[in-house]
Every structure is written in C-alpha cells, then in structure tokens.
Amino acid sequence: MVKAKACIEALEAFLYSNKNIRSWDKVWGPIRHWRSYDSYNTGKCLAMYTCGDSRDYESAARAGVATIGNLIAKGRSIYDEDLGNCKRCGSVWFWGSCRVTFNYCHNNCAGT
C-alpha cells in the first residue's frame, strides 16, 4: 500500500534538493520524484507537479502560486483529514491545468 509519508518525502526531497532553495522560491516547470516505501525497493510513491497547458507553469510562477512552500502545502492537503483525506494516492488541482499528484509506480517512475 502506498504510504502518505513516502509521498510527502518524495515531494519535499525534490523541492528541497538544492540547499539554497527557500519556501518562497518559484517553480517554473514540471517536477517528478519518487520514494520507496518498502524494504524491497519495489513500491514507490511518485510525486509530480504538472500542468496540462505549458503556459500555466509560467503564469502560476509569475503569480506566486507555484512556490516551493505552496506546492508542499498542496501536496499535504491531499492527506489532510479536513481536505482531501486520501489514504494512498491523489491529486489536487489549482491554477488552471496545474496539479500536484501522488501515484504508485513500480519500475519506470521517470516516465520515459
């Protein structure tokens, strides 16, 4: 079963991979990162920030909506009991075609 902790860790690990990144820094493009949640390294939670319309990346960043802190808050809201209350995977949509999504992936988490 996909664990919420692994999904949040995947999102935070990617967003905070650069030690100089601050919570108000803007994200200008798609991200995807994953974390294993079992000792066999077979089950992974894939965290993604994507926009269906490529123009939404720039407009969300310029408007201050696509910041590190906001994307993490959006991701956490998927599991918040008062908001998404998901137990495994889920998405939160915002700013037109943009969303933060947590999914299960097995082998090809890079999506190539």
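The values are calculated or read from the model by the stated rules, or taken from the named source; none is laboratory data. As the structure is a computational prediction, the values presented were derived from the model and not from experiment. Positions of Cβ are generated from backbone atoms using ideal geometry, with glycine treated the same way; all protein chains shown enter the neighbour counts.
So here's what we get for this one:
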| read-out | value |
| --- | --- |
| Cβ-Cβ under 7 Å pairs, at least 6 apart or on other chains, segment 81-105 side closer than 13 Å to Tyr49 by Cα and modelled with pLDDT under 90, far side charged (D, E, K, R) and in a strand (DSSP E or B) | Ser91/Arg99; Val92/Arg99 |
| Checking Ala60 against (1) over 15 Å from Glu9 (Cα atoms); (2) surrounded by 18 or more Cβ atoms within 10 Å (Cβ to Cβ); (3) at pLDDT below 80, the condition it does not meet | (3) |
| Candidates Tyr49, Tyr37, filtered to the one that is buried (at least 20 other Cβ atoms within 10 Å of the Cβ) and either out of contact with any strand residue (DSSP E or B) (no Cβ under 8 Å at 6 or more places or on another chain) or modelled with pLDDT of 80 or more (or both) | Tyr49 |
